Amino acid sequence: MAAPLAERSFDVIVVGAGIIGSCAAHAAASRGARVLLLERFDLLHQRGSSHGESRTTRPTYTRPQYPPMVRLAHRLWHDAERDAGYTVLTPTPHLDLGPRDGPAFVAAIANGGASELAPAGDASRPAWADAFRVPEGWAAATSGPAGVIKATKAMAMFQTLAAKMGAVVRDRAEVVDVARQEGNTIVVKTSSGEEFHGGKCIITVGAWASKLVKSVTGADLPVQPVHTLVCYWRVKPGHEEELTTEAGFPTFATYGDPGFYGTPSMEYPGLIKICRNGGPPCDPDGRDWATGSGAGGIAEIVARWIDEFMPGHVDTAGGPVLRQPCMCCMTPDEDFVIDFLGGEQFGKDVVVGAGFSGHGFKMGPAVGKILAELALDGQSGTAAEAGLELEHYRIGRFEGNPMGNATSH
């Protein structure tokens, strides 16, 4: 149903109700702003990048800009859980594996404050460590805070909290235009012909970011969606309890090309989630939903990794038991875009959050709060207090340099 006419003017309009947009709406509403959150599909849909049973959170990053954001996000996750009265983040250890002298691995361990895993026979070595076979020349290191986030449940939590604070949440409302009306009003138009007026606008449309920004400004935002495949594998008989969160089993990731990651057995008893980073480019409006499932595809690549690193505990015969398609929205340098849309038309009245490159979900509450502050205040006090340099995430880094920050890594 259309919103009553009295509810067509807002302080902030958030376009896109994935995890980032939901967190931004919550953050703005918590400031007392009149907020409208618009979603083009059904709420909690499975056509973007925020759905599913789980996401990992970890402090280890090759780039020093991210661990402070992870720590900020953890505090905000816990604040939201307190307000909601239930949890979405299950704490676990985190394990990183990589070539002992590999620059990415070494940097991640240093930036995340990780400690090398104790050798076999050492009393401090956790029992779960025997599930992993570490190749010659590689090392393994543990760190925290880390854990597993229930993705769809977390998204619903922030939408519910936003609504309790007075935000209007509307789905099946595809935004087709964002424009400035005479004066300081931002007009947001939907495909059904509705118009909403806002003082500020936050664009968080995930895989559709490039298309919407292009249609609104004519500018190219270098965010490329890629198709990924989330795979759940059967745990070998006798090891089912060992790989659970209750047993202290960690989230884990490897540093290589490609990289792999996984979570403890949690959402589906007897199954464990192990996936490959990235995937082939895709059009969010023209996906085949099955890419990577066939011979030589993503699932087969993951199976080979399992047979090398976890052969005694995870069964690859017959492939993964469950396959779930998803998308990651990649920038050329795999850094986020957190910035004003800018230009004479929008200035600081329209903010965009995009290109979270497969590692943004864990940072959702932090990024959402920063986006809300940029929209409402023109700057982010939270980012400054946390020691986050937002210049790293500006759109302008791609001007004359299509690889952005990648040249400095």
- Yes/no for F361 being aromatic (F, W, Y), modelled with pLDDT of 95 or more and under 18 Å from L212 (Cβ atoms): no
- Message: Can you report the number of residues in segment 101-115 which are farther than 19 Å from P145 by Cα and over 23 Å from the mean Cα position of the chain (by Cα)?
- Response: 3
- Query: With respect to K211, is the statement that it is basic (K, R) and farther than 28 Å from P99 by Cβ true?
  - Reply: yes
- Note on the structure: Filtering segment 161-189 for residues that are within 13 Å of F346 (Cα to Cα) and not in a strand (DSSP E or B) leaves a count of 5
- Query: Taking strands (runs of 3 or more DSSP E) that fall entirely within segment 203-267, which contain at least 3 residues that are among the small types (G, A, S) and touching a Gly at 6+ places or on another chain (Cβ under 9 Å)?
  - Reply: none
- Query: Does at least one position in segment 137-159 carry a residue that is in contact with a strand residue (DSSP E or B) (Cβ under 9 Å, 6 or more places away or on another chain), more than 28 Å from C328 (Cβ to Cβ) and not hydrophobic (A, V, I, L, M, F, W, C)?
  - Reply: yes
- Does C201 satisfy the criteria of being touching a helix residue (DSSP H, G or I) at 6+ places or on another chain (Cβ under 6 Å), surrounded by 17 or more Cβ atoms within 10 Å (Cβ to Cβ) and touching a residue at least 40 places away in the same chain (Cβ under 8 Å)? no
- Task: Please indicate, with yes or no, whether at least one residue in segment 116-124 is within 25 Å of Q65 (Cα to Cα) and in contact with an Asp or Glu (Cβ under 8 Å, 6 or more places away or on another chain).
- Result: no
- Query: Considering only segment 122-158, how many residues are in a strand (DSSP E or B) and polar (S, T, N, Q)?
  - Reply: 2
- With the condition kept exactly as written, say whether any residue in segment 375-388 is touching a strand residue (DSSP E or B) at 6+ places or on another chain (Cβ under 7 Å), of a type outside the set (D, E, K, R), in contact (Cβ under 8 Å) with a residue 12 or more places away in the chain and buried (at least 24 other Cβ atoms within 10 Å of the Cβ). yes
- Failed condition for K200, given (1) of a type in the set (K, R); (2) within 21 Å of the chain's Cα centre (by Cα); (3) assigned to a strand (DSSP E or B), with all others met? (2)
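If you check A317, A366, A295, which single one turns out to be assigned to a loop (DSSP other than H, G, I, E, B), aliphatic (A, V, I, L, M) and at pLDDT 95 or above?
A317
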- Query: Could you list, in sequence order, the residues of segment 230-267 that are on the phi > 0 side of the Ramachandran plot and open to solvent by less than 40 Å² (accessible area, probe 1.4 Å)?
  - Reply: G248
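Before we move on, is T152 open to solvent by less than 50 Å² (accessible area, probe 1.4 Å) and touching a Pro at 6+ places or on another chain (Cβ under 9 Å)?
For T152, the condition - open to solvent by less than 50 Å² (accessible area, probe 1.4 Å) and touching a Pro at 6+ places or on another chain (Cβ under 9 Å) - is not met.
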- Those residues of segment 72-121 which are in a helix (DSSP H, G or I), open to solvent by less than 70 Å² (accessible area, probe 1.4 Å) and among the acidic types (D, E) amount to D79, E81
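The values are calculated or read from the model by the stated rules, or taken from the named source; none is laboratory data. All figures in this text were calculated on a predicted structure; none of them were measured in a lab. As a convention, Cβ positions derive from the backbone with ideal geometry for all residues, glycine included, and neighbour counts pool all protein chains shown. Side chains are part of the model used for accessible areas, which takes the heavy atoms of the whole protein and leaves out ligands, DNA and RNA. Shrake-Rupley method; radii C 1.70, N 1.55, O 1.52, S 1.80 Å.
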